[in-house]
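Q: Here it is: the structure, laid out below.
The values are calculated or read from the model by the stated rules, or taken from the named source; none is laboratory data. Treat the numbers as computed from the prediction; the structure is a model and nothing was measured. Cβ coordinates were reconstructed from backbone atoms using ideal geometry, including for glycine residues, and neighbour counts include every protein chain displayed.
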Amino acid sequence: MFKDKKIKDFDWEKEFNRNYSVESFQEVRYYWWKDCYNQIGKFVLQNIPLNNNSEILECGCGSGNSSLRLASLVKKITLLDSSDNALKCAKKLADYYRVKNAEFIKGDVFHMFFENNRFDFCWNIGLIEHYNFEQAKEIVKEMLRVTKSTGWMLLGVPNFKSLAIIKAKLLSHGLLRPLTFWIKGYRLGEEKKYNLDSLKRLIRIASEESGVKIEQTSFDYVGSVLPVETPAFIFKKIDKFFSRFFSRFSFLILVAVKINKP
């Protein structure tokens, strides 16, 4: 149905071609990223009842860092991605965190081969924005299919109002490239803009078409409003103030739902 599901200009194998030590991975090296993942984990643990019998699926996992940091609290995590290099990164991080209960699978988020009602919690962060609404809806429907009858699902997307994304947008602007090519940092490709309302709408329509009821919805804005490159000592002094009063400009939008399959 979707021949060109992925963004043509975005090379995931290149993005995750990290032939260097784990200590240099952005997830490990930068305090900004560490704080972001701490906030993601806090949101999950406050809203989703995980325990040592829970099984998690992160589909379109990338480095898998979000799930790997929860591994000690659950029975098993499954990391699925279509990129070999992404899975290599995830395996390196798993070794770094000494995670033993992770499975790494190469697969397509549109056609996951898992049986129905397999996982207690299914999620992804930084995946949905790479697809248009109809394509994203098919991904969510597949996520709902593999989640247990009374399980949980979470979607996380970049907040286009955040400074990090505004910077990425400027760095990718064609007219500015001759001046900004030397600046390190993420560049936007053809990512689609999802806000809180459109993300909720996506989940609602996908669940209705799947015959799944949404019993509970939680959301939040996480990640610092400050630029990624902010030094740790500055970050620690001023981030609480900015995050308290300007939370809607945080890096990510998270929406978690509890589902109920009749």
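Q: Can you tell me which residues in segment 70-98 are buried (at least 20 other Cβ atoms within 10 Å of the Cβ) and in a loop (DSSP other than H, G, I, E, B)?
A: L70, S83
Q: Consider G223 carefully, then state whether it is out of contact with any Leu (no Cβ under 6 Å at 6 or more places or on another chain) and at positive phi. I'd like the intermediate steps shown before the answer.
A: On the way: out of contact with any Leu (no Cβ under 6 Å at 6 or more places or on another chain): no; at positive phi: yes.
It is false that G223 is out of contact with any Leu (no Cβ under 6 Å at 6 or more places or on another chain) and at positive phi.
Q: Return a yes/no flag: does segment 116-130 have any residue that is closer than 25 Å to D84 by Cα, modelled with pLDDT of 95 or more and among the basic types (K, R).
A: The answer is yes, given that some residue of segment 116-130 is closer than 25 Å to D84 by Cα, modelled with pLDDT of 95 or more and among the basic types (K, R).
Q: Examine segment 109-119 for a residue that is surrounded by 19 or more Cβ atoms within 10 Å (Cβ to Cβ), not in a loop (DSSP other than H, G, I, E, B) and not basic (K, R), and state whether such a residue exists.
A: Keep residues of segment 109-119 that are surrounded by 19 or more Cβ atoms within 10 Å (Cβ to Cβ), which gives 109, 112, 119.
Remaining after also requiring not in a loop (DSSP other than H, G, I, E, B): 119.
Checking the rest, the ones that are also not basic (K, R) come to 119.
Checked against the condition, which is being surrounded by 19 or more Cβ atoms within 10 Å (Cβ to Cβ), not in a loop (DSSP other than H, G, I, E, B) and not basic (K, R), segment 109-119 yields at least one hit.
Q: Another one. Counting just the residues of segment 156-195 that are surrounded by fewer than 16 Cβ atoms within 10 Å (Cβ to Cβ) and at pLDDT 85 or above, which one comes out nearest to A136 (Cα to Cα)?
A: K193
Q: Report every pair of residues separated by at least 6 positions or lying on different chains whose Cβ atoms are under 9 Å apart, first residue within segment 240-253 and charged (D, E, K, R), second surrounded by 12 or more Cβ atoms within 10 Å (Cβ to Cβ) and assigned to a loop (DSSP other than H, G, I, E, B).
A: R248/N159; R248/K161; R248/V225
Conditions (1) within 30 Å of E229 (Cα to Cα); (2) touching a strand residue (DSSP E or B) at 6+ places or on another chain (Cβ under 9 Å); (3) without any contact (Cβ under 8 Å) to a residue 40 or more places away in the chain; (4) surrounded by fewer than 17 Cβ atoms within 10 Å (Cβ to Cβ), marked per residue:
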| residue | (1), (2), (3), (4) |
| --- | --- |
| R29 | yes, no, yes, yes |
| D35 | yes, no, no, no |
| L45 | yes, no, yes, yes |
| C61 | yes, yes, no, no |
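Q: Same structure, new question: List pairs: first residue in segment 216-234 and without any contact (Cβ under 8 Å) to a residue 40 or more places away in the chain, second residue part of a strand (DSSP E or B) anywhere in the structure, Cβ distance under 8 angstrom, at least six positions apart or on different chains.
A: These pairs meet every condition: F219/I253; F219/L254; F219/V255; F219/A256.
Q: Considering only residues of segment 196-254 that are part of a helix (DSSP H, G or I) and of a type in the set (S, T, N, Q), which is surrounded by the fewest Cβ atoms within 10 Å (Cβ to Cβ)? First the steps, then the outcome.
A: Of segment 196-254, the ones part of a helix (DSSP H, G or I) are 196-210, 232-245, 247-249.
Adding the requirement that they be of a type in the set (S, T, N, Q) leaves 198, 207, 210, 243, 247.
On the way: S198: 16, S207: 20, S210: 17, S243: 19, S247: 14.
By that ranking, first place goes to S247.
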